[in-house]
Amino acid sequence: MNPSPRLNLPRRRLLTNLLALCIGALASILAMSSQALASSGSNPFEGRGSLAPQIINGQEASISQFPWQVYVLHYDEAEGIEGACGGSILDASHILTAAHCVDHEGTISSYPAGEFIVFAGTSMVFGFGGPLEDFLISPGAQSRSVDSLRTDPYYTVSPPTDDVAILTLHEPLELSAATNTQPIGLVATGGTPAPGTTLSISGYGKEEGAESAQSNGRLYATTLTAISSDACRAEVSVNSAVLLCAVSASSSTCQGDSGGPLTEGSPAVQVGIVDFGAKECPVGVPDVFTNVAAPEIRGFIEGSESPPVAVRSTSPPVVKPVGPAPVDFSPLSCEPGGWTTPPTSFTYTFQVENASAQVLQSGPTNVFTPPSTVVGSPLVCIVQASSPGGVTTARSATTAAIAADTMPPVASITARKCKLQKCTLSIAASDPNAVALTVDTAAAYSVTAKCPKKKKKKKGKRSVCHETKTVPMSVTNPSAGVYQASVSRLPYSEKITFTILAANAAGLTQVKPALTAITLHKPKPKKPTKKPKKRK
């Protein structure tokens with residue numbers, strides 16, 4: 001599935017339908033009709049987006065619970081109210097929101113700053129038709145015009161990336177508990193929430209995702225759970241360093257929560273900015289946020305117009321088996337793929353590619369040896385590439401299911417050297433799938449032994465008995481595939497048979513052992529040299 005930005009619908013149609021005010025209701029309905037971009041098919045990410053803030057299956061909330069939440073309204077004198085977004089208070093004069101909330105739809109060109117109004121300290125927003133004077137907010141709420149705005153220099157619409165903007169207010173907000181207007185701190189740079197972290201999101205909008213549904217203008221909130229960018233790979237297949245995913249089985253963000261704050265903990269810190277999600281806002285499908293913890297994003301928020309850029313993947317990682325197909329106990333290597341610039345470090349995660357997504361190994365090592373417990377399961381390698389701008393995730397294709405090893409190793413004797421009663425063998429051993437080997441060696445020869453006693457002694461020669469003695473040899477492995485085996489105190493004048501047998505970690509042994517034999521002989525004594533006679 002390809003992700004689509006939230007801002008996909010014409011904004012100037014938000015208030016073209018005039019709705020009647022319900023008598024006795026605390027809030028009127030802000031009519032927001034929308035027309036989807038031409039798209040079809042089963043892809044739930046096609047055509048998502050408008051600027052009407054919306055939370056699906058959220059709980060109604062008070063602004064006192066989320067005093068950093070603001071409502072960003074786009075107003076054109078000729079056209080009236082054209083759109084709205086969420087945002088958060090960084091300080092009395094600055095608002096954090098999404099870049100696509102302030103641009104000409106589908107472009108990176110921003111509207112004039114003077115066309116935006118920020119409302120803070122309000123639990124409800126609603127109006128009647130187009131005139132700005134008919135737009136209503138909670139008593140005591142503050143409204144501010146915008147003097148200037150900045151959008152991230154790396155912001156792109158497709159694929160969506162670096163979707164962040166800063167609004168500078170004409171006059172500072174009055175920040176106090178009494179006004180329900182407070183700034184929100186930002187998560188530490190690099191502190192992207194770990195998968196499983198509970199996060200909160202707030203917004204003013206509709207409670208169902210149908211395109212014809214309308215917002216009731218009240219503030220709602222819900223909780224989501226952070227997931228890894230790999231678990232969200234269909235949505236963040238590119239630029240994952242600057243994106244964060246979260247999901248709920250029962251609720252969702254929706255069109256127009258764009259620009260709103262995703263927060264963590266208590267006291268809360270902002271970790272994300274609402275960016276995009278699936279068409280019609282289904283629950284159980286990941287929502288995607290601009291990652292405030294990414295150095296590439298944080299640098300811009302803190303004022304840089306050239307923040308460090310996170311690396312981007314240009315080609316996926318590749319998992320390579322030693323043989324033609326992956327088998328248990330045979331190493332798999334994960335090549336990191338291509339990147340825009342050399343990352344400062346890599347982390348390789350090997351995991352089972354099924355519903356369990358069991359992590360088998362994670363760390364700087366790009367080689368993994370699958371155990372027999374994963375036979376029958378395909379694997380995948382997930383690469384995290386770190387750079388000054390953030391951490392980007394890429395994933396390999398899925399391997400074939402791991403098979404049980406059926407190819408035994410082989411070993412041969414390449415040389416033999418004996419001196420006196422010591423022999424050393426040179427051995428070459430290998431496994432077709434590079435499965436770890438052990439090489440067993442032994443020397444066997446005949447020795448004279450006492451014959452078992454018999455009850456009755458017979459006259460004649462005394463019987464002599466023999467038995468085979470087998471002694472182990474010490475083995476060293478000086479280099480890959482090369483072994484040396486040695487043994488001392490071998491007997492003279494006996495046939496000595498050396499046996500070499502290789503076995504691998506999968507429990508397979510070579511079909512036939514390697515054999516060699518020799519008989520050692522005592523060296524002949526040296527003849528004494530004659531001493532010269534002395535002359536008289």
Of the residues in the stretch 349-383, those that are under 15 Å from Arg233 (Cα atoms), part of a strand (DSSP E or B) and in contact with a Pro (Cβ under 7 Å, 6 or more places away or on another chain) come to Cys381, Val383
Taking the stretch 87-109 and keeping residues in a strand (DSSP E or B) and out of contact with any helix residue (DSSP H, G or I) (no Cβ under 8 Å at 6 or more places or on another chain) leaves Ser88, Ile89, Asp91, His94, Ile95, Thr97, Asp103
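The rows are residues; the columns are (1) more than 18 Å from Thr179 (Cβ to Cβ); (2) without any contact (Cβ under 8 Å) to a residue 40 or more places away in the chain.
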site	(1), (2)
Val70	no, no
Ala78	yes, yes
Glu82	yes, no
Glu105	yes, no
Tyr111	yes, yes
Residues in the stretch 267-277 that are more than 20 Å from the chain's Cα centre (by Cα), within 19 Å of Tyr220 (Cβ to Cβ) and not in a strand (DSSP E or B) total 1
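Return yes when Ser386 is within 30 Å of Tyr492 (Cα to Cα) and either among the aliphatic types (A, V, I, L, M) or assigned to a strand (DSSP E or B) (or both) and no when it is not.
Against the criterion (within 30 Å of Tyr492 (Cα to Cα) and either among the aliphatic types (A, V, I, L, M) or assigned to a strand (DSSP E or B) (or both)), Ser386 does not qualify.
Would it be correct to say that Val309 is within 20 Å of Asp230 (Cβ to Cβ) and either part of a strand (DSSP E or B) or not charged (D, E, K, R) (or both)? Spell out the reasoning first.
On the way: within 20 Å of Asp230 (Cβ to Cβ): no; either part of a strand (DSSP E or B) or not charged (D, E, K, R) (or both): yes.
No; evaluated as a whole, the condition is false for this residue.
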In the set Pro193, Pro183, the lone residue that is outside any strand (DSSP E or B), surrounded by fewer than 20 Cβ atoms within 10 Å (Cβ to Cβ), touching a residue at least 60 places away in the same chain (Cβ under 8 Å) and not hydrophobic (A, V, I, L, M, F, W, C) is Pro183
Counted residues in the stretch 402-446 being closer than 16 Å to Thr516 by Cα and β-branched (Val, Ile, Thr) come to 7
In the stretch 365-375, residues that are surrounded by fewer than 15 Cβ atoms within 10 Å (Cβ to Cβ) and within 16 Å of Ser396 (Cα to Cα) total 2
Within the stretch 416-436, the count of residues that are assigned to a strand (DSSP E or B) and under 15 Å from Asn477 (Cα atoms) comes to 7
Filter the stretch 321-348 for residues that are of a type in the set (A, V, I, L, M, F, W, C) and assigned to a loop (DSSP other than H, G, I, E, B); the one that is surrounded by the fewest Cβ atoms within 10 Å (Cβ to Cβ) is Ala325
Of those in the stretch 397-436 that are aliphatic (A, V, I, L, M) and surrounded by 21 or more Cβ atoms within 10 Å (Cβ to Cβ), the residue nearest to the chain's Cα centre (by Cα) is Ile402
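A short reminder: the numbers here are calculations on the coordinates, not readings from a lab. Model, not experiment: these values are computed from the prediction. All Cβ positions, glycine included, derive from the backbone under ideal geometry; neighbour counts span all protein chains shown.
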